[in-house]
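Novice: Here it is, the structure in full.
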Amino acid sequence: MSFDPNVGGAELLRGARAEHRIVLTRDKRLRTAPDVVYLGSERVRDQLREVLRRFAIDPHRAALTRCSRCNAPLREISRETAANRVPSFVYSSQTRFSRCDSCGRIYWRATHPERIMAELARIET
Ligand SMILES: [Zn+2]
């Protein structure tokens, strides 16, 4: 389930409960519902801090282990498996690849993960 601005609060909560997910929200009307974490800050970095404080998440261990599109766990695949599924310049410059078994998206380490890890370092300070 991904965010859909056309889905109302009750339907959002039903969907999240069915998928055993927790709703992160700034919507004060939902703040007392079970399975909801109300984020007090309007700033994304502070919201991330709130989430890390609320849950026992090791961001360095958990980062980059799930698909950013569908949240399924990523599985490392061989370079050969990725060969015809990534741009040739990526294939020639990268050695490690992962795939989301749910949507099939291929991931590799590039500048994007470095920015994510830099952001995590900023949040922890
Ligand atoms: Zn996916």
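The values are calculated or read from the model by the stated rules, or taken from the named source; none is laboratory data. Since we're looking at a predicted model, the values are computed, not measured. All Cβ positions, even for glycine, are placed from backbone atoms using ideal geometry, and neighbour counts span all protein chains on display. Remember, those area values only see protein heavy atoms, side chains included, never the ligands or the DNA or RNA. Shrake-Rupley method; radii C 1.70, N 1.55, O 1.52, S 1.80 Å.
Novice: Can you report the number of residues in segment 58-90 which are open to solvent by 40 Å² or more (accessible area, probe 1.4 Å), touching a helix residue (DSSP H, G or I) at 6+ places or on another chain (Cβ under 7 Å) and away from the ligand (no atom under 16 Å from the Cβ)?
Specialist: 1
Novice: Separate question: How many residues are touching a helix residue (DSSP H, G or I) at 6+ places or on another chain (Cβ under 8 Å) and surrounded by 14 or more Cβ atoms within 10 Å (Cβ to Cβ) when one looks only at segment 22-42?
Specialist: Number of matching residues: 9.
Novice: Another question about this same structure. I want to confirm something. Restricting to segment 91-105 and keeping residues that are more than 16 Å from the ligand (Cβ to nearest atom) and either open to solvent by 80 Å² or more (accessible area, probe 1.4 Å) or touching a Lys or Arg at 6+ places or on another chain (Cβ under 6 Å) (or both), which single residue is farthest from ILE123 (Cα to Cα)?
Specialist: Keep residues of segment 91-105 that are more than 16 Å from the ligand (Cβ to nearest atom), which gives 91-96.
With either open to solvent by 80 Å² or more (accessible area, probe 1.4 Å) or touching a Lys or Arg at 6+ places or on another chain (Cβ under 6 Å) (or both) added as a condition, the list becomes 92, 95-96.
Working: SER92: 33, THR95: 29, ARG96: 27 Å.
That would be SER92.
Novice: Name the residues in segment 9-44 that are part of a loop (DSSP other than H, G, I, E, B) and of a type in the set (A, V, I, L, M), would you? Working first, answer last.
Specialist: Residues of segment 9-44 part of a loop (DSSP other than H, G, I, E, B): 19-22, 26-27, 31-35, 39-43.
ILE22, ALA33, LEU39, listed by residue number.
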